[in-house]
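Remarks on the structure that follows.
The values are calculated or read from the model by the stated rules, or taken from the named source; none is laboratory data. Just so it is clear, the model here is predicted, and its values are computed rather than measured. FYI the Cβ positions are ideal-geometry reconstructions off the backbone, even for glycines, and counts take in every protein chain you see. Accessible surface areas use protein heavy atoms only, side chains included; no ligands, DNA or RNA. Shrake-Rupley method; radii C 1.70, N 1.55, O 1.52, S 1.80 Å.
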Amino acid sequence: MNKTKVFSIVVPLLITILSTNSYSQNPLNFGSKIFTADPSAHVWKDGKMYVYTSHDEECQTDFFMKDWYAFSSSDLVNWTDHGVIFSVKDLSWADNFAWAPDCAYKNGKYYFCFPVGTGFKDRVNPKNSTKWMGIGIAVSDSPTGPFKDAIGKPLWTTPYANDPCLFIDDDGKGYIYFNGGGDYLVAEMNNDLLSVKGEMYKMDREVTNLKEKALGSLRETEFIIIPCLKKTES
């Protein structure tokens, strides 16, 4: 087949694919009318993609969030809503700010890593704020829960921390990356993923406006960190 014929076949096919597939499912149709945010997506051993999200409540005065949802799909088009998989109601040490979660799999267990907090942030007079945030770990035998608070307290109380990424390396070692009040920090986890091993290290970076979580990924021999930035108006 000559190049002209190939071109005449491929171009219409490419246009058809782009017009029917690439944009038709955005935003993802989870089949729920809730407001979801902060997605963390993983493909587990059953071959399905699982998306863990936070949940924005309606008519709230700040980023008050109380629970997390999970959704799964085998084709990224049709999704199953697994409902609330964990909530601040399951905790004794925090009652709000159920923000950007993550999940990891190790030794037959699913480890749900979540930020939560207490208090109130006064955005007009910050000195009056009482808000505190920390990170916890919940565990389940299933990727959709039910998850149970594994340690009954945050991994640490200082520094202030939110929006974690829990990464398991090829050698089985676990690492937690998180927003530590404006800096990205990283720490190695103990083998059970229920406590931090050693010190926390500030990550080298060239960007300065860090507001959200960092996502970790392993590509061949390189470990890639993808920072999320927040636009500020001048």
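List, please: which pairs have Cβ atoms under 6 Å, are six or more places apart or on different chains, and start with a residue in region 183-194 that is on the phi > 0 side of the Ramachandran plot and end with one that is modelled with pLDDT of 95 or more and open to solvent by less than 40 Å² (accessible area, probe 1.4 Å)?
Here the result reads Leu193/Tyr111; Leu193/Gly174, each pair linking region 183-194 to a residue that is modelled with pLDDT of 95 or more and open to solvent by less than 40 Å² (accessible area, probe 1.4 Å).
Would you confirm, using the coordinates I've provided, whether Tyr175 is open to solvent by 10 Å² or more (accessible area, probe 1.4 Å), assigned to a loop (DSSP other than H, G, I, E, B) and out of contact with any helix residue (DSSP H, G or I) (no Cβ under 7 Å at 6 or more places or on another chain)? Before you say what the answer is, go through the steps one by one.
On the way: open to solvent by 10 Å² or more (accessible area, probe 1.4 Å): yes; assigned to a loop (DSSP other than H, G, I, E, B): no; out of contact with any helix residue (DSSP H, G or I) (no Cβ under 7 Å at 6 or more places or on another chain): yes.
When the stated conditions are applied, Tyr175 does not pass them.
Name the pairs: first residue in region 54-67 and among the aliphatic types (A, V, I, L, M), second residue at pLDDT 80 or above and surrounded by fewer than 17 Cβ atoms within 10 Å (Cβ to Cβ), Cβ to Cβ under 7 Å, at least 6 apart or on different chains?
Met65/Asp56; Met65/Glu57
Name the residue, out of Pro143, Pro101, that is touching a strand residue (DSSP E or B) at 6+ places or on another chain (Cβ under 8 Å) and closer than 17 Å to Asn179 by Cβ. If you could, list the steps in order and put the result at the bottom.
Numbers: Pro143 fails: closer than 17 Å to Asn179 by Cβ.
One residue alone meets the criteria, Pro101.
So that you can scan it fast, the table gives a plain yes or no per residue for (1) under 24 Å from His82 (Cβ atoms); (2) open to solvent by 30 Å² or more (accessible area, probe 1.4 Å):
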| site | (1), (2) |
| --- | --- |
| Pro126 | no, yes |
| Gly136 | yes, no |
| Lys148 | yes, yes |
| Gly152 | no, yes |
| Asn162 | yes, no |
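Return yes or no: is Asp46 part of a loop (DSSP other than H, G, I, E, B), at pLDDT 95 or above and open to solvent by 60 Å² or more (accessible area, probe 1.4 Å)?
Details: part of a loop (DSSP other than H, G, I, E, B): yes; at pLDDT 95 or above: yes; open to solvent by 60 Å² or more (accessible area, probe 1.4 Å): yes.
For Asp46, the condition - part of a loop (DSSP other than H, G, I, E, B), at pLDDT 95 or above and open to solvent by 60 Å² or more (accessible area, probe 1.4 Å) - is met.
Please state which of the following conditions Thr144 fails to meet, knowing it meets all the rest: (1) at pLDDT 95 or above; (2) of a type outside the set (A, V, I, L, M); (3) not in a loop (DSSP other than H, G, I, E, B).
Only one criterion in (1) at pLDDT 95 or above; (2) of a type outside the set (A, V, I, L, M); (3) not in a loop (DSSP other than H, G, I, E, B) is unmet by Thr144, namely (3).
Only one of these conditions is not met by Thr53: (1) open to solvent by 40 Å² or more (accessible area, probe 1.4 Å); (2) modelled with pLDDT of 85 or more; (3) not acidic (Asp, Glu). Which number is it?
Unmet condition: (1).
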